[in-house]
Amino acid sequence: METIKTVGSMGSVGTVRSLETDVVIVGAGPTGLVLAIDLARRGVRALLVEKADRLFPGSRGKGIQPRSQEVLDDLGALPGILAAGSPYPRMRAWEGAERQGEWDMMARSEPTEQVPYAAILLIPQSRTQEVLYARLRELGGDVRFGAALTGFRQSEEAVEANLSTGETVRASYLVAADGGRSTVRKQIGIGMTGETVDPRPMLVADVRLSSDAIVDRDNWHVWPNAPGGAVALCPLPGGDQFQLIATFEDETAAVDAAPRAVRELLAARTPLAAAHVVEVLWASDFRARAAMADRFRDGRVLLAGDAAHVHSPAGGQGLNTSIQDAYNLGWKLGRVLRHGAPAALLDSYEAERLPVAADVLGISTRLHRASSESADTQRGEEVQQLGLGYRDSPLTVETRTGLADGALRAGDRAPDGPYGAGRLFDVFRGPHFTLLAVGVPLPPLADGTVRTARLAAYEPYGTGLFLIRPDGYVGWAGAGADGLATYLATFGAAHLPVGG
């Protein structure tokens, strides 16, 4: 007899319409949209449901780090992101109406052969989501707006989810991408362990300022010593909008996010008058927390993005870590659902992403506390997420010996570089594995999900065979092909000699 676990309310009134799909994704933020895009290009059916009637309207997570730009390049969404974004402006400190010094919050880096996207990109979260949504629709996907998850149950065979629309959806897996207050996480009983990074309340808002306001659009303006708490105004690309962030020194302060209160706050703490605020487009209050789910999987239910970890906004890590959760999970779901890989492959999602999330939470927390002490704290390479990898993953196999310190190893990000008339990222782009031979012969392959490429030499890779995973990390590396067939079998892929 089938054992069913019931979570949440499964009651309904009237006729229930039943739907079937491969994956139900709860939440159409950046995490849910990236996962839906990745599944769509793999031919995996996904139902992306969002309880709101539209995409999130605010700027909130406004920085796209270099590693996330590489992810979006692979997914075909980067052109739209680059067109809508801009470089980060230099910071400008103020004391009242007096301009003070300038500095770069983000260390400036130049592109290289190995790192084509070297600088963080400024783009409001609302615009990022619009670009991702457009890309999803290009691939034939969509979002079911106004459809909240009201309950679900799972068995060994499937998940059944109830929606506020009265529909019941049967799927192989359910992914919670429904934010830090995730109803899925709470209903399934996964705990969230963390701390308050800063007890002081904060206000974040998107405002339109009149052209005669004292602030220009060439700088991110900061009043670190404003009465009542620091204020910052960051110009958002593409118009006359600024993101306002205000800290309240009084830990017990009740933050008023009403348009009138936002205008009054700016007038009280900066040289701007209330009349300079043409419109308050969106506003919210929050307290900076750092927390992580105790586990990222319960049977056929997986947590991703803020549902699995919440960050201080310092360092621009939350949205980027969330995007890469979805990127890590997407190809694994695709291999299980479309290529016969064992379901145990999904265990590697938590094994790989939980340690990364823990490390990144530490970076966000440290930067938040450092910036509270000094407004001119600079963010360096650690926030770019290019150095994150999976050397300790159960999916990582390094068979070479005697490697020098600093050598590329299995588990590392696969660098870009020139290849023919294009670049290696052009070869890697897509839902496939890539077998790259550098200075050694290519073995024959008879699996259509593995692309091959060869370079006579390329110093960043050294010499050997490198199997590049669909998410751009080296999964397996060897001096020759011994062991490659066994490794590929883990993912439902065949490695066969021609005629064998």
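Report the label-to-label distance for R181 and N225 in nanometres (one decimal), using points 7 Å from each Cα along the Cα→Cβ vector.
In this crude label model, R181 to N225 measures out at 3.8 nm.
Calculated FRET efficiency, E138 and Q100, Cβ-Cβ r, R0 60 Å, to nearest 0.05?
Efficiency computed from Cβ-Cβ geometry: 0.85.
From largest accessible area down, sort R391, R135; use a 1.4 Å probe on the protein chains.
Order by accessible area, largest first: R391, R135.
Got a number for the accessible area of H309? Probe 1.4 Å, square angstrom, nearest 10.
Probe radius 1.4 Å; accessible area of H309 about 0 Å².
Once you place label points 7 Å from the Cα toward the Cβ at D294 and D53, how far apart are they in nm?
3.9
Can you tell me how much longer the chain between E249 and A267 gets when fully stretched, taken as 0.36 nm per residue apart minus their C-alpha distance, in nm with one decimal?
The span from E249 to A267 would gain 4.8 nm if fully extended.
Got a sec? What order do M105, M91 fall in by accessible area at 1.4 Å, biggest, i.e. largest, first?
Most to least solvent-accessible, the answer reads M105, M91.
Take the Cβ-Cβ distance between I214 and E110 as r, set R0 to 51 Å, and report the resulting FRET efficiency rounded to the nearest 0.05.
Efficiency at R0 = 51 Å is approximately 0.95.
How far, in degrees from 0 to 90, does helix 318-338 lean away from the longest principal axis of the Cα atoms of the chain, to the nearest 10?
It works out to around 30 degrees.
Using a probe radius of 1.4 Å on heavy atoms only, what accessible surface per residue do you get for the stretch 209-285? Whole Å² is fine.
44
Report the extension gain between R423 and A358 in nm, rounded to one decimal, defined as 0.36 nm multiplied by the number of residues separating them, less their alpha carbon distance.
Value of the extension gain: 20.1 nm.
Can you sort R400, R170, R263, R45 by solvent-accessible area, 1.4 Å probe, largest first?
Output order, biggest surface exposure first: R45, R170, R263, R400.
What is the set of long-range amide H partners of G85 at a cut-off below 5 Å, with H atoms built 1.01 Å from backbone N?
Here the answer is none, since no amide H 5 or more places off falls under 5 Å of that of G85.
Could you work out [θ]222 nm for the chain from helices alone, using -39500 (n - 2.57) per DSSP H run of at least four and dividing by all its residues? Round to the nearest 500 deg cm²/dmol.
It comes out at -7500 deg cm²/dmol, rounded to the nearest 500.
Over the heavy atoms of M202, what accessible area does a 1.4 Å probe trace out, to the nearest 10 Å²?
Accessible surface of M202 is approximately 20 Å².
Starting from the Cα-Cα distance between R260 and R338, subtract it from 0.36 nm times their residue separation and give me the gain in nm to one decimal.
22.7 nm
Work out the length of the dipole vector of the chain about its Cα centre, built from +1 on the beta-carbon of each Lys and Arg and -1 on the beta-carbon of each Asp and Glu, and round it to the nearest 20 debye.
940
For S284, what charge total do you get from the other residues with a beta carbon under 15 Å from its beta carbon, if Lys and Arg give +1 and Asp and Glu give -1?
Neighbourhood net charge equals +1.
Before I look further, what does the stretch 412-475 give for accessible area per residue, probe 1.4 Å, in whole square angstrom?
Roughly 34 Å² per residue, with all protein chains present.
Would you work out what percent of the accessible area of the chain, with all protein chains in place, is carbon or sulfur (probe 1.4 Å)?
50
Work through the residues other than P235 whose Cβ is under 13 Å from its Cβ and net out their charges, Lys, Arg +1 and Asp, Glu -1.
Here the count lands on +1.
The values are calculated or read from the model by the stated rules, or taken from the named source; none is laboratory data. Everything numeric in this text was worked out from a predicted model, so none of it was measured. Heads up, the Cβs are rebuilt from the backbone with ideal geometry, glycines too, and the neighbour counts pull from every protein chain shown. Quick note on the areas: whole protein, heavy atoms, side chains included, nothing else; ligands and nucleic acids left out. Shrake-Rupley method; radii C 1.70, N 1.55, O 1.52, S 1.80 Å.
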